[in-house]
Amino acid sequence: DTILSIAGVSKTYGSGTTALSPIDLDIAKGEIFALLGPNGAGKTTLISIVCGIVTPSSGTVTVMGHDTIRDYRTTRRIVGLVPQELSVDMFETVLATVKFSRRLFGKSGHDAYVEEVLRDLSLWDKRNAKIMELSGGMKRRVLIAKALSHEPDILFLDEPTAGVDVSLRRDMWKLIHKLRAKGVTIILTTHYIEEAEEMADRVGVIAKGKLMLVEEKTELMKRL
Ligand code: ADP
Ligand code: ADP
């Protein structure tokens, strides 16, 4: 069951940098897919296009049958993006941040769903803390809670464990598996081979804007 289809997607930025050569990729519902590649490979560009934030130079992206450019509003409801940067108001509380984000999608802020998400992310006890008061690992989890606030079907995580220590990385891996068990399709970028291996059902290796290979992870480890 394909949930996301990328067909002939390329990107050349206005600066003349070609970030992506035409890419074709289908993602199955319920899978965890890792995009593995070094810095500058085009991972963020691809995720941004798929989320409808960046316009591709060519090609189309279809999310649950909706074209991400033509049906921008619909696709925004289907996808959630966890960016690399801490894109929240540090002076706001955890609970207010998630409720506000949820209301932007026209969903009630006072909802059992918000509590469930915060409990799943071990943030419920910190719900009334200002984000600036939280540890680095908790701040990252707030970004995930925010991205999940509108109940997306697909969650994108851009380098979810860049710069975090080994134990936090393991926590993040467990958490991602837990979200998948709840039915969320997950696409993440990473430059750690171990992370791709540990996390994903399939891995796509991207370098210099080209999708070099896509493998079941067991096959990947035989090759690398
Ligand atoms: P990754 O996420 O794998 O590190 P990016 O998608 O961020 O890769 O970048 C791919 C290439 O596109 C890099 O050469 C980068 O400098 C360039 N790039 C990314 N964003 C922009 C932008 N907004 N304008 C111009 N060039 C960009
Ligand atoms: P702790 O209290 O666990 O030491 P800090 O809040 O001091 O955590 O952050 C630890 C490191 O992680 C800092 O370098 C900080 O800039 C970085 N960091 C925190 N949150 C994020 C985030 N969401 N994305 C990227 N880096 C982050």
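The values are calculated or read from the model by the stated rules, or taken from the named source; none is laboratory data. What you see is a predicted model, and the numbers here were worked out from it, not measured in a lab. For neighbour counting, all protein chains shown are included, and Cβ atoms are generated from backbone atoms with ideal geometry for every residue, glycine included.
A few remarks follow.
- Residues in the range 91-122 that are farther than 22 Å from A181 by Cα, aliphatic (A, V, I, L, M) and modelled with pLDDT under 95: L104 only.
- Count - residues of the range 116-140 that are more than 8 Å from ligand 2 (Cβ to nearest atom), basic (K, R) and surrounded by fewer than 20 Cβ atoms within 10 Å (Cβ to Cβ): 3
- The residue pairs whose first member lies in the range 187-207 and is in a helix (DSSP H, G or I), whose second member is of a type in the set (D, E, K, R) and more than 16 Å from ligand 2 (Cβ to nearest atom), and whose beta carbons are closer than 9 Å, counting only pairs six or more residues apart or on different chains, are A196/K217; E197/K217; E198/K217; M199/K217.
- Considering only residues in the range 81-102 that are of a type outside the set (S, T, N, Q) and exposed (fewer than 15 other Cβ atoms within 10 Å of the Cβ), the one that is farthest from the chain's Cα centre (by Cα) turns out to be F91.
- Number of the exception - L143 against (1) within 15 Å of ligand 2 (Cβ to nearest atom); (2) out of contact with any helix residue (DSSP H, G or I) (no Cβ under 9 Å at 6 or more places or on another chain); (3) not in a helix (DSSP H, G or I): (3)
- Taking the criterion of being more than 16 Å from ligand 1 (Cβ to nearest atom) and among the aliphatic types (A, V, I, L, M), the residues of the range 150-182 that qualify are I154, L155, V164, V166, L168, M172, L175, I176, L179, A181.
- Where a residue in the range 48-60 is closer than 16 Å to L4 by Cβ and its partner, wherever it lies, is of a type in the set (D, E) and within 16 Å of ligand 2 (Cβ to nearest atom), with Cβ under 9 Å and at least six apart: S48/D158
A quick yes/no check of all residues on (1) assigned to a loop (DSSP other than H, G, I, E, B); (2) closer than 20 Å to I49 by Cβ; (3) not aromatic (F, W, Y):
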| site | (1), (2), (3) |
| --- | --- |
| R76 | no, yes, yes |
| F100 | no, no, no |
| E115 | no, no, yes |
| D125 | no, no, yes |
| M132 | no, no, yes |
| A147 | no, yes, yes |
| E151 | yes, no, yes |
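- Remark: pairs (first residue in the range 69-84, without any contact (Cβ under 8 Å) to a residue 40 or more places away in the chain; second residue of a type in the set (S, T, N, Q) and in a loop (DSSP other than H, G, I, E, B); Cβ separation under 6 Å; 6+ apart in sequence or on different chains) = T75/T68.
- Restricting the range 61-71 to residues that are closer than 19 Å to I187 by Cα and outside any strand (DSSP E or B), the residue that is farthest from the chain's Cα centre (by Cα): G65
- Taking the range 44-80 as the range and being within 16 Å of ligand 2 (Cβ to nearest atom) and crowded, with 22+ Cβ neighbours inside 10 Å as the test, the residues that pass are I47, G80.
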